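Written out below as structure tokens is the structure these notes cover.
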Amino acid sequence: MAAIEDYKPGLAGVPAALSEISYVEGLQGTLEYRGIPIHELAQHSSFLESCFLLIWGHLPSLDELQAFEHEIRYHRRLKYRIRDMMKCFPESGHPMDALQACSAALGLFYSRRALDDPEYIRAAVVRLLAKIPTMVAAFQMMRKGNDPIQPRDDLDYAANFLYMMNEREPDPLAAKIFDVCLVLHAEHTINASTFSARVTASTLTDPYGVIASAVGTLAGPLHGGANEEVIEMLEEIGSVDRVEAYIEGRIKNKQKIMGFGHRVYKVKDPRAVILQGLAEKLFAEYGGDRYYDIALAVEQAVEKRLGAKGIYPNVDFYSGLVYRRLGIPSDLFTPVFAIARVGGWLAHWKAQLGENRIFRPTQIYSGQHAQPYISIEERTLSKVFPSLEATNGKKA
Ligand code: CMC
């Protein structure tokens, strides 16, 4: 039986997998996909190449990459039934909920579970990577009362998504920067959503269920949902001169500052460093964002007060500023995170299948034993006549 000292809230520091997919070192701020540093991939790779690397464990040859890109390009369209289902979603619903529902619904169309067949695995990888961006963009169009924009086969992955979102072909620089954002968000060891994906995968359910459960987990404000809250915070602060008082107030009231802190990193998240550089590039090209000055002041104010505790900007702090400049509305920031993280989740799904044992942790029971069952009549009576109960000590 497990002892109380074994219990780690949030499973902090408890290894849940043996994995070769990615590596994080929190004191230097290192992140590697299959051993390759993230800044190398951000500079030289593309999102789909990085996904191939994560999922199949090696950088693809030119032929492999072209075949993979080609397959994904031709699976971007959605079944009309999925689009019809989306039309029934309330416009006010959160796009992460829409994405979770649509990811799960894919399983209705492709439910055969041949989990030991590499072709089935490849087809599921292709379908999910291809269709998730189309779902996000389609929901965005439909909630505005418009028909979804069909994907364009002549555009690459990032450019096609921005096109489906804005009905306009993006500048090559904007598309390139968005692709780098996807690379940066593709994978990050066993965080909450990846753990969720692995737990679901371990039951040998279909991959659409795996991705749907991970999307649901990513949605929370302590995980992927933080990027949306960062922008809300910057809007609430409103001007640089209000930053100090705002941060001071939150710390005093023991409220978290969104976009800061990380279970593993005790320095500035390496992805935040790259994203900040991308934000600056975008602002230089397309004009500044007044929230960027507020963000810089927030970073300084938090570092001054919480830097000694290892609390620095995480990936979510600067990503929203980049997405805003690319014309992505703030409640789509987390779905965009999900588009990227599908790559990592699929890598973990495939890895889990290769070494599967169903997740079944234990618990430490802290409740009572051998309690009497009290009938509903007695429970009702004791509520209506508590004094009677107290004097009699038994039912009236
Ligand atoms: N603002 C103020 N204080 C913080 C923050 C923050 N953002 N993050 C951690 N702390 C403090 C916390 O109050 C606690 O202080 P004390 O020891 O005095 O009680 C200490 O640091 C440890 O915090 P914790 O919440 O126990 O740490 P954790 O490892 O369980 O949580 C975290 C990590 C990311 C959930 C947390 O830092 C947080 O809630 N941050 C804000 C939300 C956020 O930005 N989330 C995105 C995470 S990165 C991307 C992703 O995972 O999707």
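The values are calculated or read from the model by the stated rules, or taken from the named source; none is laboratory data. Quantities reported herein were computed from a predicted structural model and do not represent experimental measurements. Here Cβ is always computed from backbone atoms with ideal geometry, including for glycine, and neighbour counts include all displayed protein chains. Surface accessibility is based on the protein's heavy atoms, side chains included, excluding ligands, DNA and RNA. Shrake-Rupley method; radii C 1.70, N 1.55, O 1.52, S 1.80 Å.
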- Among residues of segment 298-329 being more than 23 Å from the chain's Cα centre (by Cα) and open to solvent by less than 20 Å² (accessible area, probe 1.4 Å), the residue nearest to K254 (Cα to Cα) is V302
- Task: List the number of the failed condition for Y286; all other conditions in (1) within 16 Å of the ligand (Cβ to nearest atom); (2) more than 13 Å from P313 (Cβ to Cβ) hold.
- Result: (1)
- Message: Being assigned to a helix (DSSP H, G or I) and buried (at least 24 other Cβ atoms within 10 Å of the Cβ) is the filter here; which residues of segment 186-197 pass it?
- Response: S193, T194, A197
- Task: Kindly list the number of the only condition in (1) within 12 Å of the ligand (Cβ to nearest atom); (2) touching a helix residue (DSSP H, G or I) at 6+ places or on another chain (Cβ under 6 Å); (3) within 29 Å of H39 (Cα to Cα) that fails for G307.
- Result: (2)
- Message: Restricting to segment 255-264, name every residue that is crowded, with 16+ Cβ neighbours inside 10 Å and either touching a Phe, Trp or Tyr at 6+ places or on another chain (Cβ under 7 Å) or free of Cβ contacts under 8 Å to residues at least 24 places away in the same chain (or both).
- Response: G259, F260
- Note on the structure: If we take segment 10-85, then helices (runs of 4 or more DSSP H) inside it with 1 or more residues that are more than 22 Å from A351 (Cα to Cα) are 38-44, 62-73
- Answer with yes or no whether E236 is open to solvent by 30 Å² or more (accessible area, probe 1.4 Å), outside the structural domain of L78 (by TED's automatic domain parsing) and either of a type outside the set (S, T, Y) or touching a Ser or Thr at 6+ places or on another chain (Cβ under 9 Å) (or both). yes
- Among A212, A245, the single one that is open to solvent by 40 Å² or more (accessible area, probe 1.4 Å), away from the ligand (no atom under 13 Å from the Cβ) and over 17 Å from V322 (Cβ atoms) is A245
